[in-house]
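The values are calculated or read from the model by the stated rules, or taken from the named source; none is laboratory data. The structure displayed is predicted, hence computed values, not measured ones. We place every Cβ from the backbone using ideal geometry, glycine too, and count neighbours over all the protein chains shown. In case anyone asks, the SASA skips ligands and DNA or RNA and just uses the protein heavy atoms, side chains included. Shrake-Rupley method; radii C 1.70, N 1.55, O 1.52, S 1.80 Å.
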Amino acid sequence: MTERELAVKAGEELDERLKEAKKTGNLVVKDTIEDEEIIRRVFEKGEGIFRLFPAFVPRRFGKAGHRLKLHPDDYFAFGMARGSITERWFSSTIAAQNGELAKVDEGLSYVCTDYDSDEKFSLRTAVKVLGEKLVGKELMEKYGGWPMYSKFFDNENPLFHHLHLTFEAAARVGKLGKPENYYFPKQLNNYFGEADYTYFGFDPDVDPEEIKERIRHFADDDTRITELSRAYRVQLGTGWYTPAGVIHAPASVLTYEPQWNSDVNSVYENIVSGEVYPPEMLDEECPEDKKGDIDYIFSLLDWNKNVDPHYKKHYFRPPIVETYNEQYTQKWITYGNPYIAAKELTVHPGQTVTIQDGAAYGCIFIQGHGTFGVYDAEAPTLLHFGQQSSDEFFVSEQAAVKGVTITNGSKVEPLVLLKHFGPNCPDVPQMTEE
């Protein structure tokens, strides 16, 4: 199947699950509307911009880093069996792959119709109704919708050494591959947690048989797999591109992660900070006849990228200034890959600017307050679970091309937002192959 066909198939399966969940109430956001007239009215009232509802996501592993601006009473809003909330998803038209106990729409983005109303509709439904008006002709034709999402990853402890499947490997189980990107915002990292470093790939001198021997004993002993890897200390205000098929163990630093529409993993590390992970996490994304097949599991690695002796040169992403003037500064923070781009925009105190972009995008405010198009915009201090916010938006292609007017309402503090784009964002800086 083509990538578009896989995306459409996955979307149809999600729609069926959502339909059934609406009958049983197994949803985070209940009683959503699907009225096309209301969706179009909200779109027009917002002048092509939607204000999104915060999508907090729990994980059954890891410990919350408490940097998501979520109220401290609400980190177990999904119940103790689900684990703590460690992520917030942005501009998402897919749901998290979160186990049998998960609510069907975890991670899915919803649009708020008004500040005075609890009415919402999913961004996924809005894409279906508005199509090209929202995400543009190119993305609709090539992917059948919006092909990426972003998140804040927020763990107090480092994450296990794992990889996301390549498109080829994911297609064998009817799913999409997952390239992803990292950026470490200064505004949200007042502390670094247990580990301020991320492991990427393996040491170039490692023998493949050493790796196979470690994961062969996943069920009965500590794999200690990071002994064979390389760690890089996190530099705030910079980031990395992680291709699908590259193993990595993310730092315990709050990370902004623009990525492809997928949630597929193979976990090679079975103990982190004393937490033990079950054997099925190693091969849960393998075809049935390949489960437990160590050679097949090893083949999920893009070996050449994992042992690249110049890994930092090829995949480290320091910011690149796109525009700098007395009114605003805009930097590329995700670039040099064919899938996803992201920018950091800083509007200086007291300034009003109109910023044009060549493609639809989602965005999240991380500092300051002001206005964003027709909306109030503000980085929150503290949000209760289930509370609306004014920090997250989705900008249609037509509104982006026309330009969004942004005002910084502070006389002293910068207004800062992060903007995530799909593969059709123009003028993205590229990387050389040297």
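The figures follow:
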{"read-out": "Alpha carbon centroid spacing (whole Å) that separates the stretch 291-341 from the stretch 38-87", "value": "26"}
{"read-out": "Relative contact order %, the chain, counting alpha carbon pairs below 8 Å whose residues are six or more apart", "value": "18"}
{"read-out": "Neighbour-limited loop hits for trypsin sites (Lys or Arg not before Pro), the stretch 360-434 (at most 11 other Cβ within 10 Å; DSSP other than H, G, I, E, B)", "value": "411"}
{"read-out": "Pairwise Cα inverse-distance average, inverted: Kirkwood Rh of the stretch 141-235 (Å)", "value": "16.5"}
{"read-out": "Gap separating the Cα centres of the stretch 207-280 and the stretch 90-143, nearest whole Å", "value": "29"}
{"read-out": "Neighbour-limited loop hits for trypsin sites (Lys or Arg not before Pro), the stretch 267-329 (at most 16 other Cβ within 10 Å; DSSP other than H, G, I, E, B)", "value": "291"}
{"read-out": "Residue 23-residue 289 pseudo-label distance in nm [points 7 Å out on the Cα-to-Cβ vector]", "value": "3.5"}
{"read-out": "Estimated distance in nm for a label pair at residue 314 and residue 219, the labels positioned 7 Å out from Cα along Cα-to-Cβ", "value": "3.5"}
{"read-out": "Cβ-Cβ FRET estimate between residue 34 and residue 1, R0 fixed at 22 Å, reported to 0.05", "value": "0.20"}
{"read-out": "nm² value of the averaged projected area, convex hull over the Cα atoms of the stretch 177-299", "value": "8.1"}
{"read-out": "Accessible surface, the stretch 1-131, averaged per residue in Å² (probe 1.4 Å)", "value": "47"}
{"read-out": "Share of pairwise Cα separations in the stretch 136-197, more than 13 Å, in percent", "value": "76"}
{"read-out": "Share of Cα-Cα pairs in the stretch 1-130 lying beyond 17 Å, as whole percent", "value": "62"}
{"read-out": "Carbon plus sulfur fraction of accessible area for the chain, probe 1.4 Å, in percent", "value": "47"}
{"read-out": "Two-site label geometry, residue 398 and residue 325: point separation in nm, points 7 Å out along Cα→Cβ", "value": "2.7"}
{"read-out": "Stretchable slack from residue 385 to residue 411, in nm (0.36 nm times residue separation minus alpha-carbon distance)", "value": "6.3 nm"}
{"read-out": "Fully extended contour minus Cα-Cα distance, from residue 15 to residue 81, at 0.36 nm per residue", "value": "21.2 nm"}
{"read-out": "For the chain, convex hull of alpha carbons as volume per residue, Å³", "value": "137"}
{"read-out": "Heavy-atom surface of the stretch 292-339, accessible at 1.4 Å and reported per residue (Å²)", "value": "49"}
{"read-out": "Prolate/oblate/rounded label for the stretch 54-160 (Cα gyration tensor, a/c 1.5)", "value": "prolate"}
{"read-out": "Computed [θ] at 222 nm, deg cm²/dmol, the chain (DSSP H ≥ 4; -39,500 (n - 2.57); rounded to nearest 500)", "value": "-5500 deg cm²/dmol"}
